[in-house]
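Notes to accompany the following structure.
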Amino acid sequence: MNDDAINHEAQAAAQVLNIELARHRKILNADELAALISPRARHEVSYDKFGAHFFTIDGVLNGKKIQGAMFAGECALIYAVGPKSAQELANAGLRSTIELIHEEYETRSARLSPVEAGIVQDIAGRRGQGSKPGQELAKLPKLKAMMAHVIGGLPWKY
């Protein structure tokens with residue numbers, strides 16, 4: 001059997017396993033994965049003929065122990081010679097994934113800052129054009145009157 005056929009069969013086995021486990025296991029999103037305390041890969045099953053090993057995630061989330069959780073509904077598929085090296089690779093991959101999520105969160109504000117991007121005028125509306133707080137309603141007298149009537153309890157006057 002060539003490598004492509006082995007990979008295809010391993011992927012098919014992974015899909016079947018993912019479907020079965022997703023029915024009964026917690027599905028973690030990126031926020032939950034980043035918040036895990038003591039995350040570690042949990043060995044689920046190995047297919048020796050493929051050299052494929054499947055892992056889920058154990059850890060503590062919000063003070064509760066979780067076992068066999070899946071990140072985004074997927075098991076980790078690791079190709080390795082034996083279970084011990086597969087476990088090491090799975091734990092290293094899990095740590096790397098969590099580090100990338102933390103890095104993404106820490107750098108998000110700098111990357112998406114409209115001031116740094118130079119597009120304040122385009123996305124900030126009138127405030128980006130130099131208007132002062134309170135001036136917005138002066139440009140919409142009917143809205144100002146409606147808010148004074150509904151919120152302020154004043155008689156309707158437009």
(request) Return yes or no: is K49 at negative phi, basic (K, R) and more than 20 Å from the chain's Cα centre (by Cα)? (result) yes
(message) Taking the condition of being of a type in the set (A, V, I, L, M), assigned to a loop (DSSP other than H, G, I, E, B) and closer than 14 Å to A10 by Cα, how many residues in the range 33-88 meet it?
(response) 1
(request) Would you be able to tell me the number of residues in the range 13-32 that are open to solvent by less than 60 Å² (accessible area, probe 1.4 Å) and either modelled with pLDDT of 90 or more or in a loop (DSSP other than H, G, I, E, B) (or both)? (result) 3
(message) Between A34, A22, A69, which is closer than 28 Å to Y105 by Cβ and touching a Leu at 6+ places or on another chain (Cβ under 6 Å)?
(response) A69
(message) Just to check your reading of the model, which residue among A52, A35, A41, A10 is open to solvent by less than 30 Å² (accessible area, probe 1.4 Å) and out of contact with any helix residue (DSSP H, G or I) (no Cβ under 8 Å at 6 or more places or on another chain)?
(response) A10
(message) Every residue in the range 55-66 that is touching a residue at least 24 places away in the same chain (Cβ under 8 Å) and crowded, with 16+ Cβ neighbours inside 10 Å, please.
(response) F55, T56, I57, L61, I66
(message) Under 6 Å between Cβ atoms, which residue pairs at least 6 apart in sequence (or on different chains) link something in the range 1-25 that is within 15 Å of F50 (Cβ to Cβ) and touching a residue at least 60 places away in the same chain (Cβ under 8 Å) with a partner that is surrounded by 12 or more Cβ atoms within 10 Å (Cβ to Cβ) and of a type in the set (F, W, Y)?
(response) A10/F50
(request) Looking only at the range 60-67, decide whether some residue is under 30 Å from D4 (Cβ atoms) and among the hydrophobic types (A, V, I, L, M, F, W, C). (result) no
(request) Check whether at least one residue in the range 94-117 is more than 16 Å from the chain's Cα centre (by Cα), over 16 Å from R25 (Cβ atoms), at pLDDT 85 or above and outside any strand (DSSP E or B), and report yes or no. (result) no
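The values are calculated or read from the model by the stated rules, or taken from the named source; none is laboratory data. Quick caveat: nothing in here was measured; it's all calculated off a predicted structure. With ideal geometry, Cβ positions are generated from the backbone for all residues, glycine too; neighbour counts draw on all protein chains shown. These accessible areas exclude ligands, DNA and RNA; they are computed on the full protein's heavy atoms, side chains included. Shrake-Rupley method; radii C 1.70, N 1.55, O 1.52, S 1.80 Å.
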